[in-house]
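A short worksheet on the structure shown next.
Values quoted throughout were computed directly from the atomic coordinates according to the rules given, and no laboratory measurement underlies them. Values in this document were obtained by computation on a predicted structure and should not be read as measured data. When we count neighbours, we look across all protein chains shown, and the Cβ atoms used for this are built from the backbone with ideal geometry, even at glycine.
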Amino acid sequence: MRFGPVPVAASEGAVLAHSLKIGGRKLPKGTVLAPAHVAAIAAAGISTVTVARLEPGDVGEDAAASALAAALVPDPAAAGLALTKPHAGRVNLHATRPGLVEMDAAAIHALNRIDPSITLATLAPMTRVTPDMLVGTVKIISYAVSGAALDAACAAAGASVRVRPVVLKSAGLILTEVAGEGDKLARKAEAAVAARLGALGIALDEVRTVPHEETAIAQAILGLRAPLVLVLTGAATSDLHDTAPEALRRAGGTVRRFGMPVDPGNLLFVGRIGERPVIGLPGCARSPALNGADWVLERTACGLEPGADDIAAMGVGGLLKEIPIRPQPRERSQSR
């Protein structure tokens, strides 16, 4: 591609690089200059314009963006994505279902190294998305790129972006009561959990409120029929053998891990009862703010039940925004 100023008389068929005001109207950049455009520019007293002119083997920005997007998402319905029409060298990728963004990061890195003008920007891996949410954007930065570079980028792309769908359709929640706490706290917790599940398209089918005792919690676990069991206790779980984990064992389940390197969210436990995952939610789950339990819940909902190593790896990037209502903030104000 050739780029630079040329006499107006020699600009026909080239791409206008910078917008112009002609006769009170805007001639936008990216316009392929037709004879009428050239005549109007000359009539306005402009002698030179900056243009881009494609050379043999070059591919225009919109065609290039469309080709790369198609290589990234060859089957949009299967990938849970919709592609916009190309405009100004850009094609956006929008989610068509709730779920988690999955990608081949190595392929995307390779794509972005081929030519600085050929780019793909995405959300972070495992970001939760809802329908219509922007997942990624293909942008051809220059007005054209070489066909060889585009071919290499398309080959590297390799269907590397998709939205992993939610596979669980319903969940059950067990809330425990401790002396001195009113019903208001429990209802707030239920509403916050229901909202989290709703964002994933999961229904909160069953809610049971029981005393904060092993036997009562164990019976409630056994009584739930939903494919996902959530436990949110009135008193925080502070040990692997605290009340709620012991209740899961009493019900015949197993506890796979207590504690996670994400803050807020440290006091989470995960386990199973038969084939059903169990998540012991930390107290911060009463707030709608993001916390570590969200990451575990989202992955579990999408059939990616995280193991001990997966949870351990969440520590990098796991220092989340503080929750204002937290009873014990990470940092206390220091008086001088």
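Which stretch or stretches of the stretch 1-24 have amide N atoms under 15 Å from the point lying 7 Å from SER47's Cα along the Cα→Cβ direction?
5-10
Calculate the dipole size of the chain relative to its Cα centre from +1 charges on Lys and Arg beta carbons and -1 charges on Asp and Glu beta carbons; express the result in debye to the nearest 20.
Taking the Cα centre of the chain as origin, the dipole is about 820 debye.
Please compute the modelled spin-label separation between LYS188 and ASP132, points set 7 Å along Cα→Cβ, answer in nm with one decimal.
3.1
When the chain is modelled as a GNM with alpha-carbon springs shorter than 10 Å, which of VAL178, VAL163, VAL138 fluctuates the most?
Greatest mean-square fluctuation among the candidates belongs to VAL178.
Of VAL73, PRO261, CYS302, whose Cα points farthest to the positive end of the dipole of the chain (charges on the beta-carbon: +1 Lys, Arg; -1 Asp, Glu; origin at the Cα centre)?
Of VAL73, PRO261, CYS302, it is VAL73.
Tell me, in nm to one decimal, what length is gained between ALA308 and HIS18 on full extension, where the rule is 0.36 nm per residue of separation less the Cα-Cα distance?
Extra length available between ALA308 and HIS18 comes to 98.9 nm.
Just how far, in whole angstrom, is the stretch 81-100 from the stretch 239-264 if you go by their alpha carbon centroids?
Centre-to-centre (Cα) distance: 40 Å.
Amide H to amide H, which residues 5 or more places from SER170 or on other chains are under 5 Å from it, using H placed in the peptide plane?
ALA203
Compute for the chain: radius of gyration divided by Kirkwood radius, i.e. Rg/Rh, restricted to C-alpha atoms, rounded to two decimals.
We get a ratio of 1.18 for the chain.
With the dipole of the chain worked out from charges on the C-beta (+1 for Lys and Arg, -1 for Asp and Glu) around the Cα centre, which of ALA44, VAL161, SER287 lies farthest toward the positive end?
Positive-end residue among those listed: ALA44.
Neighbour counts of other C-beta atoms within 10 Å: give me SER47, SER142, SER11 arranged from fewest to most.
Taking fewest neighbouring Cβ atoms as first place, the list is SER47, SER142, SER11.
Cα centroids of the stretch 1-32 and the stretch 105-126: how far apart, whole angstrom?
So the two Cα centres are separated by 31 Å.
Once the principal axes of the Cα atoms of the stretch 112-176 are found, what is the range along each, listed largest first in whole angstroms?
Principal extents (Cα only, largest first): 62, 19, 18 Å.
Quick one: what are the phi-derived ³J(HN,Hα) couplings along the stretch 304-321, Karplus 6.51/-1.76/1.60 with θ = phi - 60°, whole Hz, x for glycine and proline?
10, 3, x, x, 4, 5, 4, 5, 4, 6, 6, x, 6, x, x, 8, 9, 5
GluC sites (Glu not before Pro), restricted to the stretch 177-279: which are DSSP loop and have at most 12 other Cβ atoms within 10 Å? Mind dumping the intermediate values first?
Values: sites: GLU177, GLU181, GLU190, GLU206, GLU213, GLU214, GLU246, GLU275; in loops: GLU181, GLU213, GLU275.
Listed in order of number, the matching sites are GLU275.
Where the eigenvalues come from the Cα gyration tensor of the stretch 1-85, what are the semi-axes √(5λ) of the equivalent ellipsoid, largest first, in whole Å?
34, 15, 8
Per DSSP helix of 4 or more residues, -39500 (n - 2.57); summed, then divided by the residues of the chain. What does that give at 222 nm, rounded to the nearest 500? Walk me through the numbers on the way to the answer.
Details: 10 runs with 96 residues, N = 336.
Using -39500 (n - 2.57) per qualifying helix, the result is -8500 deg cm²/dmol.
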